[in-house]
1. Of the numbered conditions (1) more than 14 Å from every other protein chain (Cβ to nearest Cβ); (2) within 23 Å of the chain's Cα centre (by Cα); (3) of a type in the set (Asp, Glu), B:GLU262 fails exactly one; give the number of that condition.
2. Name every residue in the range A:150-167 that is over 22 Å from the mean Cα position of the chain (by Cα) and not hydroxyl-bearing (Ser, Thr, Tyr), in order of residue number.
3. Out of everything in the range B:31-47 that is outside any strand (DSSP E or B) and under 27 Å from the mean Cα position of the chain (by Cα), what residue ends up being surrounded by the fewest Cβ atoms within 10 Å (Cβ to Cβ)?
4. Would you say B:SER310 is within 24 Å of B:VAL14 (Cα to Cα), of a type in the set (S, T, N, Q) and in contact with a Leu (Cβ under 6 Å, 6 or more places away or on another chain)?
5. Is it the case that the range B:80-87 has a residue that's more than 13 Å from chain A (Cβ to nearest Cβ) and either closer than 18 Å to B:ASN312 by Cα or in a helix (DSSP H, G or I) (or both)?
6. Since B:ARG240 meets every condition but one in (1) assigned to a loop (DSSP other than H, G, I, E, B); (2) away from every other protein chain (no Cβ under 14 Å), which condition does it not meet?
7. List the helices (runs of 4 or more DSSP H) inside the range A:276-361, counting only whole elements, that have at least 1 residues being within 11 Å of another protein chain (Cβ to nearest Cβ).
8. Would you pick out the residues in the range B:5-45 that are free of Cβ contacts under 8 Å to residues at least 12 places away in the same chain and of a type in the set (Gly, Ala, Ser)?
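The values are calculated or read from the model by the stated rules, or taken from the named source; none is laboratory data. Keep in mind that what you see is a predicted model, and the values were worked out from it rather than measured. Cβ atoms come from the backbone with ideal geometry, glycine included; neighbour counts cover every protein chain shown.
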There are 2 protein chains.
Amino acid sequence: MDSVDTLVTARWVVPVEPAGSVLEDHAVAVRGGRVVAVLPAHVARARYEAAEIIERPDHVLLPGLVNAHTHAAMVLLRGRAENLPLGRWLRSTVWPLERRWVDPEYVRDGTALAIAEMLRAGITCFADMHLWPDVVAQTVAASHMRASIGLVVTESATRWAATADEYIDRGMHLRDEYKGDPLIGMHFAPHAPYSTSDATLTRIRRLADELDLPVAMHLHETAYEVEQSLLAHGRRPLARLAQLGLASPQLVAIHMTQVAPEDIDTLAECGASVVHCPESNLKLGAGVCPVARLLGRGVRVALGTDGAASNNDLDLLAEARIAGLLSSGIAATPGDLVAADLLRMATLEGARTLGLGEVTGSLEPGKWADLCCIDLHAARSWPVHDPVTAVVYAASAQQVTDTWVAGRQLLAQGHLRYIDESAVLERAEAWRERLDATAGEEAAADE
Amino acid sequence: MDSVDTLVTARWVVPVEPAGSVLEDHAVAVRGGRVVAVLPAHVARARYEAAEIIERPDHVLLPGLVNAHTHAAMVLLRGRAENLPLGRWLRSTVWPLERRWVDPEYVRDGTALAIAEMLRAGITCFADMHLWPDVVAQTVAASHMRASIGLVVTESATRWAATADEYIDRGMHLRDEYKGDPLIGMHFAPHAPYSTSDATLTRIRRLADELDLPVAMHLHETAYEVEQSLLAHGRRPLARLAQLGLASPQLVAIHMTQVAPEDIDTLAECGASVVHCPESNLKLGAGVCPVARLLGRGVRVALGTDGAASNNDLDLLAEARIAGLLSSGIAATPGDLVAADLLRMATLEGARTLGLGEVTGSLEPGKWADLCCIDLHAARSWPVHDPVTAVVYAASAQQVTDTWVAGRQLLAQGHLRYIDESAVLERAEAWRERLDATAGEEAAADE
């Protein structure tokens, strides 16, 4: 018998690849942190000598979810900036609070809380965009989670960097530091077209080509952004990026709520990815990304929670559900996006978007064993006529019982093994006290 | 010292009435199943000798949620009828399955599962619409939950009743049986304008006036329904009801995704209530109710989950969240509906819609002690800048720890006290096997 480290058996295994596959009473065999095989449980038991067998008889076992866009540390602002459209939300509340409070300690404490929340929600990999990406990377490393760290760039001076070039230089330094790390990848994260110059975007494009890094940016998030670009540049933001050479398979276009036919042509022709963040887009009154139309043209679409200040949680299953509801009710019609499409967007398409499609996002031999397990034997998700539908439309993130990253079990039957969760919550509470003491000062701090 | 049965203390108490009130470190005192007082915890401890003190230091204590529209027993079809717009969903899948399988045992087993799910989600009262309302009432009574049972009426013969008059007569008999029951109320539930004749609606109106019962019906759920009414009656469905004398404060207009200015005038003038079921409306491609516009004209709006076959859960907090997101992103703009409005719709407005506004829906002395308690000290809802925002936009139904109906604790720290949950889940699994064996026969069964 072959030996493996872990055998996880479940009533249902949904590997995501091949598409549509739902395997009953199957097992995933893990050795050296990687998936060795996905096979019937009784065959697995006969074939493998396992150091550890984990049985989940009422559960569905999935690839870990990939949150393709968030600002992790913003969990500290959860519920702190409500009832405002995006422009005023940023200018009257979020930016003044961040200018005043964001420092390495804030980023560490916020990111740690976000990681706890995401692991509990079955997320094993996230793409981040925040100041102090070095602190984000350190915090991720300490948690054993997987992430693609956004090397944030803007023309605005902050305590992290004074100029766009300094943002880029510090990012390059960080990238060198983590080169070869199996869990921590990097991507460029210019904040948005309106906050980065042509010169900066051109330099990013050159470096991204050279280093083969994704370039993720907020794009066509609001109608106002598109209008301003037409005024300032005579082009829609995506057309401006295309002119600067950034329309490529490396481009990760976050949001895209404003989509004209020529935008779809550009995205389809260049092979860019889109990250759909429906809850944040609705909450900030930004609009709805026409996902089914994009998929119909072969554009890759992944899912993101965005930051918790506009969501207000980091629950990618809920995001998949709302994406499905919006597609059925607003942007397309029922059946254009089925539950299996939504699960694929929440896993494999997210991984591919971040350049990690060979590494994670599906249960295939050779990939890292990034897994999540959901107990469906609960009043809210029972009976199970179809486990993928149950996961997307009925189960809650709090039915996630276990999460593994590269074969290491980070959440075990609801217990976070490498995080002192009560200390994390306590530090968040201390930040809340500081942040709430700022109430009323925001208007004054506004430009 | 006065004696009380129970004192529940919590970090935050949100009584819903007075509107906007958030009380820190308060208690609710309960005697004889009713709220005696809502007051600071330290005052309560000094004033009352309590047989039982329940302390919830990280929790928010709220009135129990009121699910103003569901078809409880449809949980057995959860996930069984996916990816279809309303018309085909009903005709090709739901009605054929129901014609074949729905009987008293199905209704009992489905309703029991729905009750377990709803109590776990903090729901203490629901309005039901299903065949065999007598079985629904028995199942509710056995659970000690509160409900308003819909006395369903349609022109279509079923095993429950052969003619509209027989539906009404059986309903009247049931109503007599439960007269005076403190937990079980009744309302008329004609299925929809297109499935009830003028004569039937006129008889219902006369009885509803005489007995002072609400009349809840699916109304303006789809554009097709409105078009068909114009063809058949020369009037929009609501205008037809008005002509028949049903536009009154007793009218509960469920769905109302298709709303013309004259519809708002009618609703506002007659004092009718609307029940917004956003997840079901999106999932079935029906449309979005313009809640903020209705509220702006003084129309009462409550929230419902609809049945789990089009949702796919009975989670009213999730419904409140989606209602808020849709209002911010689609039907209105951010700030038109704030978290406190959504919580009020999920509690007091639901109770008022069902004629239970003096009985439940807020924490006020003299009302029944229908309560729910939510633990906010969790990674997904922490830190708490504002508890109402946390409840609506971050907490999950699975953070509900305790639920009381008329002072009786039905859910205690996550344990259902009067329901054998594993038996309920087991019976649901047996129904799933039967229902899934029907696969493929549906098209043949269709008219």
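1. Checking B:GLU262 against (1) more than 14 Å from every other protein chain (Cβ to nearest Cβ); (2) within 23 Å of the chain's Cα centre (by Cα); (3) of a type in the set (Asp, Glu), the one that fails is (2).
2. Within the range A:150-167, A:GLU155, A:ALA157, A:ARG159, A:TRP160, A:ALA161, A:ALA162, A:ALA164, A:ASP165, A:GLU166 meet the criteria.
3. Residue satisfying both the conditions and the ranking: B:GLY32.
4. So B:SER310 does not fit the description; no.
5. no
6. Only one criterion is unmet by B:ARG240, namely (1).
7. A:278-283, A:316-326, A:339-345
8. Correct list: B:SER21 only.
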